[in-house]
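The values are calculated or read from the model by the stated rules, or taken from the named source; none is laboratory data. Only a predicted model underlies this, so the values are computations on that prediction, with no experimental measurement involved. For neighbour counting, all protein chains shown are included, and Cβ atoms are generated from backbone atoms with ideal geometry for every residue, glycine included. Side chains included, ligands, DNA and RNA excluded: accessible areas come from the protein's heavy atoms. Shrake-Rupley method; radii C 1.70, N 1.55, O 1.52, S 1.80 Å.
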Amino acid sequence: VALALTILTVAIVVFAIPFIYLSGVREVEEVVIPANGYELRGYYANGTASDGPWVVLVHGNRQSGQNNPLYQQIVHQLDRQTSVLGLDLSGFGQSSPAGLSQNESFFDRSPDVEAAINYLIEQKGARQERIVLVGHSLGAAQVLKVAQTRRYQRVIPIGLGDYTVYLDNQRLLESYVDKFGASTGVRVSNEMMLNSVSQFTPESLFSPCPETPTVLVFGGLDHADTLIHQRERLDNLCTDELRWITVPFADHMYGTENTRLPDPLEPFYSRSVLTVLIWQLNQLIREPAD
């Protein structure tokens, strides 16, 4: 009986930990971020530490932008000492697509990220060397591009895609064009998309190697077309400059959509992998610069 009670108690604790860890809610204010001739929308949570760190969080290719459950969890569950600016890229969430039409390389949203960084520095007193750039999927490519030429505390691309797959696969390219158009309302030709994503191949993003210390994070069940499958080649490009973290059993969206698992497995799976992801992010953000 005692053994059964012990096992039951352990099982309850294990089941409860992810729900307790992800139970926090932070006060978030909507902010307007001036960019180059257009405006972006963001969501700012002020941290308790006056000297940072400050996180810029950039979402993936989701129409809802920062309102997607994955990014909401990250904003609300990061350490309370950390200030967080969740950015809606042009055409996503609450940001208009104006910036897309003004940029010849419409896929390149690094100017949006730079506008968010400047906002933190000018309006919130952030210091560049204490800013951590975190991006997921599409956002992972954007923050990595920004970190190529300027040094921040750290850049953490999550689920960074391998955009070379679109260079020689017409079907995948057309699918991404459709997905991008559905998210932003901006329709482009396959040729325009091909030209734009070619600037985000591994050779483009890692040559030169990032100036900022870089930690690449992937889910153990992440997409086949992410850069987790090119680790050896990238390590050869940027020897000793990259760190890699894999979240076991996590899919690309960390259980926040389309898991197809039955209750109660779905919420437990989602919260479990999110707990590991956010715990890892908190550790990386606390680390001093390399």
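Points to keep in mind about this one:
- Residues that are open to solvent by less than 50 Å² (accessible area, probe 1.4 Å) and of a type in the set (Asp, Glu), drawn from region 25-84: Asp79
- Here region 89-105 is the region considered, the condition is being under 13 Å from Arg187 (Cα atoms) and modelled with pLDDT under 90, and the residue that is least open to solvent (accessible area, probe 1.4 Å) is Leu100.
- Leading residue by the ranking (modelled with the lowest pLDDT) among those in region 27-63 that are more than 20 Å from Pro111 (Cα to Cα) and hydroxyl-bearing (Ser, Thr, Tyr): Ser50
- If you filter region 241-276 down to residues that are among the acidic types (Asp, Glu) and under 30 Å from Gln148 (Cβ atoms), you find that the one that is surrounded by the most Cβ atoms within 10 Å (Cβ to Cβ) is Asp251.
- Of all residues making up region 220-240, the number that are free of Cβ contacts under 8 Å to residues at least 60 places away in the same chain and surrounded by fewer than 20 Cβ atoms within 10 Å (Cβ to Cβ): 12
- For Gly181: the one exception among (1) open to solvent by 10 Å² or more (accessible area, probe 1.4 Å); (2) farther than 28 Å from Arg233 by Cα: (1)
- Filter result for Ser189 (out of contact with any Gly (no Cβ under 6 Å at 6 or more places or on another chain), open to solvent by less than 10 Å² (accessible area, probe 1.4 Å) and modelled with pLDDT under 90): no
- In region 36-128, counting only helices (runs of 4 or more DSSP H) that sit wholly within it, the ones holding 3 or more residues that are more than 27 Å from Pro288 (Cα to Cα) span 98-101.
- For region 165-213, a residue qualifies if it is assigned to a loop (DSSP other than H, G, I, E, B), under 21 Å from the mean Cα position of the chain (by Cα) and of a type outside the set (S, T, N, Q), and the qualifying residues are Phe206, Cys209, Pro210, Glu211, Pro213.
- Verdict on Glu203 being charged (D, E, K, R) and exposed (fewer than 14 other Cβ atoms within 10 Å of the Cβ): yes
- Test for Ala126: is it crowded, with 21+ Cβ neighbours inside 10 Å and touching a Pro at 6+ places or on another chain (Cβ under 7 Å): no
- Within region 200-213, residues that are under 10 Å from Ala147 (Cα atoms) reach partners that are modelled with pLDDT of 90 or more and assigned to a helix (DSSP H, G or I) with beta carbons closer than 7 Å, at six or more positions or on different chains, in the pairs Leu205/Ala141; Leu205/Leu144; Leu205/Lys145; Pro210/Leu144.
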